[in-house]
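What follows is a single structure, written as structure tokens, with notes after it.
The values are calculated or read from the model by the stated rules, or taken from the named source; none is laboratory data. Keep in mind that what you see is a predicted model, and the values were worked out from it rather than measured. All Cβ positions, even for glycine, are placed from backbone atoms using ideal geometry, and neighbour counts span all protein chains on display.
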Amino acid sequence: MKPILALLILGVFLSCDKNNSDRNPYLQEISFRFPLNLNLPLYSPLTNTGNAVYIGNTAVGTRGVFVINTGFNSFLAWEASCPNHAPNNCSTMNLKGQTVTCSCEGYEYNLFTGQLMNRPDDGKRYHDLLFYQATYSGNTVIISN
């Protein structure tokens, strides 16, 4: 009887639904696939390590995507809408070198890590940039989610 009770209790614990606390409540995770041809002038800055571009195409992410060349044919892609509030008229961030800034609150994010660089110390929860997959093949970077 005891082994059956132990299995029943174990089953209850394993079947409990866990709340995903890492999910950003402000940004929807949209499915998309967008190729960037590095031969095109718009994306040619990505041929150099450390350079970043903004892709403002409506078919990519919520408010577009920032892509950075991190070296050795490796790229990172991040959502262009500030992750710390719902998308609005000032939530599309501005690119400056290897950082992006939200014009609503002045939050700054590093494009190499996606981390909020000037995180307030007020006890509230703040989100880092929303990551998108970036795959390099030939002379094309495919951004997807």
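Computed values, structure above
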{"item": "Pairs where the first residue, in the range 40-67, is at positive phi and the second is among the β-branched types (Val, Ile, Thr) and at pLDDT below 95, C-beta under 9 Å, 6+ apart", "result": "Gly61/Ile30; Gly64/Thr58"}
{"item": "Identity of the residue in the range 63-75, among the polar types (S, T, N, Q) and either touching a Ser or Thr at 6+ places or on another chain (Cβ under 9 Å) or in a strand (DSSP E or B) (or both), that ends up surrounded by the most Cβ atoms within 10 Å (Cβ to Cβ)", "result": "Asn69"}
{"item": "Top-ranked residue in the range 93-145 [being of a type in the set (S, T, N, Q), assigned to a strand (DSSP E or B) and under 13 Å from the mean Cα position of the chain (by Cα); ranked as surrounded by the most Cβ atoms within 10 Å (Cβ to Cβ)]", "result": "Asn110"}
{"item": "Matching residues in the range 33-52 - criterion: being surrounded by fewer than 17 Cβ atoms within 10 Å (Cβ to Cβ) and either closer than 16 Å to Ser144 by Cα or acidic (Asp, Glu) (or both)", "result": "Arg33, Pro35, Asn37"}
{"item": "Residues that are touching a Leu at 6+ places or on another chain (Cβ under 6 Å) and more than 18 Å from Gly138 (Cβ to Cβ), drawn from the range 32-52", "result": "Ala52"}
{"item": "Residue within the range 76-84 that is touching a residue at least 24 places away in the same chain (Cβ under 8 Å), surrounded by 13 or more Cβ atoms within 10 Å (Cβ to Cβ) and among the charged types (D, E, K, R) present", "result": "yes"}
{"item": "Where a residue in the range 24-35 is more than 15 Å from Ala59 (Cβ to Cβ) and in contact (Cβ under 8 Å) with a residue 40 or more places away in the chain and its partner, wherever it lies, is assigned to a loop (DSSP other than H, G, I, E, B) and aliphatic (A, V, I, L, M), with Cβ under 7 Å and at least six apart", "result": "Asn24/Leu130; Tyr26/Ala86; Leu27/Leu130"}
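Listed here are the residues, each with its yes/no results for (1) in a loop (DSSP other than H, G, I, E, B); (2) at pLDDT 95 or above.
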{"site": "Asp17", "(1), (2)": "yes, no"}
{"site": "Ser21", "(1), (2)": "yes, no"}
{"site": "Leu27", "(1), (2)": "yes, no"}
{"site": "Phe34", "(1), (2)": "no, yes"}
{"site": "Leu40", "(1), (2)": "yes, yes"}
{"site": "Thr49", "(1), (2)": "yes, yes"}
{"site": "Val53", "(1), (2)": "no, yes"}
